[in-house]
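Trainee: Quick one: the structure is below, questions incoming.
The values are calculated or read from the model by the stated rules, or taken from the named source; none is laboratory data. Owing to the predicted nature of the structure, the values given are computational and were not obtained by experimental measurement. Methodologically, a virtual Cβ is constructed for each residue, glycine included, from the backbone with ideal geometry; neighbour enumeration extends over all protein chains shown. Note: areas computed on protein heavy atoms with side chains; ligands, DNA, RNA excluded. Shrake-Rupley method; radii C 1.70, N 1.55, O 1.52, S 1.80 Å.
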Amino acid sequence: MAVLAAQRRARRAEVPTRDHHNYLLGVLSVLSLVGVVGLWALLVRLGIFSPSLLPSPADVVRAAGDMYAQGTLVADATASFRRALSGFLLGSFLAIVIGTLTGRSRIARVLLEPTIQVIRPIPAIALVPLAILWFGIGEESKLFLTSLGVFFPVWVNTHAGIASTREDYLRVAACLGAPRHQVFTSVVVPAALPFILTGLRQGIAMSLILIVASEQAGVTEGLGFRLDQARLFSQPDRLFACLVALGVVGALADQLFHRGTRGLVRWAKEQS
């Protein structure tokens, strides 16, 4: 009893220490961003970079404020996020289904993996002309490009996670009399889940990269469209404002996904 009581006291003592450690890490992250912005401002002030090429942080903030006041910044960010989310959901769904098939079935792997491996090295941006030829310059081509780009990182991780399930786990479940569907849901899926979540986080970033590239034709709103307009009219402050907005949207989406899903893999050691 005394040993158990001591263990409980030790666990309670760990909580404040862990919270303090996390707080310090958060402060350090904020200070690193402040340092980058400060270095940026210093480089511009010293004339190392021309303001026509690298506007100062103050100019970018003013440009972002003007765009926000006009309503374009929020509208563009919302449009880009909506398109990216649609492509992410479609590409992730297809990738998880097909990755599960190729990871579990040798026949599916033989039939599908060669084609996937041939297409996978082709940059999705290189398929922009094909997407326009097939689907036009409307929303369908953007959905095609984004979902295709998201598909491959999610498929690779899903396939690897499903295929790498330890055989001893499967044998133990079979010896205990678990039916095949229960082995899949209770052994294979939990073992593969950290891989799948990693692929989905990569897919989030890929969806934003590709939606910006695809928005530079055939749309009148979106961060990609606004970036291209800023380039055409030589407005570097607005261009950087769009880049910062894109980075913020991507970082928020990634952190929300990470925080929302980390409870699903409590047994896995966090890598980030």
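Trainee: Counting only residues that are surrounded by 13 or more Cβ atoms within 10 Å (Cβ to Cβ), aliphatic (A, V, I, L, M) and at pLDDT 85 or above, how many does the stretch 133-148 have?
Mentor: 3
Trainee: Here's another thing I want to ask about it. Exactly one condition in (1) out of contact with any His (no Cβ under 6 Å at 6 or more places or on another chain); (2) in a helix (DSSP H, G or I); (3) touching a residue at least 24 places away in the same chain (Cβ under 8 Å) is not met by G99; state its number.
Mentor: Status for G99: all satisfied but (1).
Trainee: For residues that are closer than 18 Å to L210 by Cβ and not hydrophobic (A, V, I, L, M, F, W, C), tally how many sit in the stretch 223-248.
Mentor: Within the stretch 223-248, residues that are closer than 18 Å to L210 by Cβ and not hydrophobic (A, V, I, L, M, F, W, C) number 4.
Trainee: I've got another one for you. Among (1) buried (at least 16 other Cβ atoms within 10 Å of the Cβ); (2) not in a helix (DSSP H, G or I), there is one condition P194 misses while meeting the rest; what is its number?
Mentor: (2) is the only condition that P194 fails.
Trainee: Testing S186 on (1) at pLDDT below 90; (2) open to solvent by less than 50 Å² (accessible area, probe 1.4 Å); (3) under 22 Å from I96 (Cβ atoms), one condition comes back false. Which one is that?
Mentor: Only one criterion in (1) at pLDDT below 90; (2) open to solvent by less than 50 Å² (accessible area, probe 1.4 Å); (3) under 22 Å from I96 (Cβ atoms) is unmet by S186, namely (2).
Trainee: Which condition number does L54 fail, the rest of (1) surrounded by fewer than 14 Cβ atoms within 10 Å (Cβ to Cβ); (2) in contact with a Phe, Trp or Tyr (Cβ under 9 Å, 6 or more places away or on another chain); (3) aliphatic (A, V, I, L, M); (4) not in a helix (DSSP H, G or I) being met?
Mentor: Just one mismatch for L54, condition (1).
Trainee: Only one of (1) within 24 Å of V212 (Cα to Cα); (2) open to solvent by 70 Å² or more (accessible area, probe 1.4 Å) fails for R109. Which number is that?
Mentor: With respect to (1) within 24 Å of V212 (Cα to Cα); (2) open to solvent by 70 Å² or more (accessible area, probe 1.4 Å), R109 is out only on (1).
Trainee: Collect the residues in the stretch 201-213 that are buried (at least 22 other Cβ atoms within 10 Å of the Cβ) and within 15 Å of G99 (Cβ to Cβ), keeping them in residue-number order.
Mentor: Scanning the stretch 201-213 gives a single hit, G203.
Trainee: Kindly establish whether L227 is open to solvent by 30 Å² or more (accessible area, probe 1.4 Å), without any contact (Cβ under 8 Å) to a residue 40 or more places away in the chain and in contact with a Leu (Cβ under 8 Å, 6 or more places away or on another chain).
Mentor: Answer is no for this residue.
Trainee: Do we find that I116 is over 11 Å from H159 (Cα atoms) and outside any helix (DSSP H, G or I) in this structure?
Mentor: It is false that I116 is over 11 Å from H159 (Cα atoms) and outside any helix (DSSP H, G or I).
Trainee: Within the stretch 237-246, can one find any residue that is over 23 Å from V150 (Cα atoms), open to solvent by less than 30 Å² (accessible area, probe 1.4 Å), in contact with a Pro (Cβ under 8 Å, 6 or more places away or on another chain) and touching a residue at least 12 places away in the same chain (Cβ under 8 Å)?
Mentor: no
Trainee: Just to be sure before I move on: is V248 touching a Phe, Trp or Tyr at 6+ places or on another chain (Cβ under 9 Å) and more than 17 Å from P55 (Cβ to Cβ) in the structure I sent?
Mentor: no
Trainee: Only one of (1) assigned to a helix (DSSP H, G or I); (2) closer than 28 Å to V118 by Cβ; (3) not polar (S, T, N, Q) fails for A217. Which number is that?
Mentor: It fails just one condition, (1).
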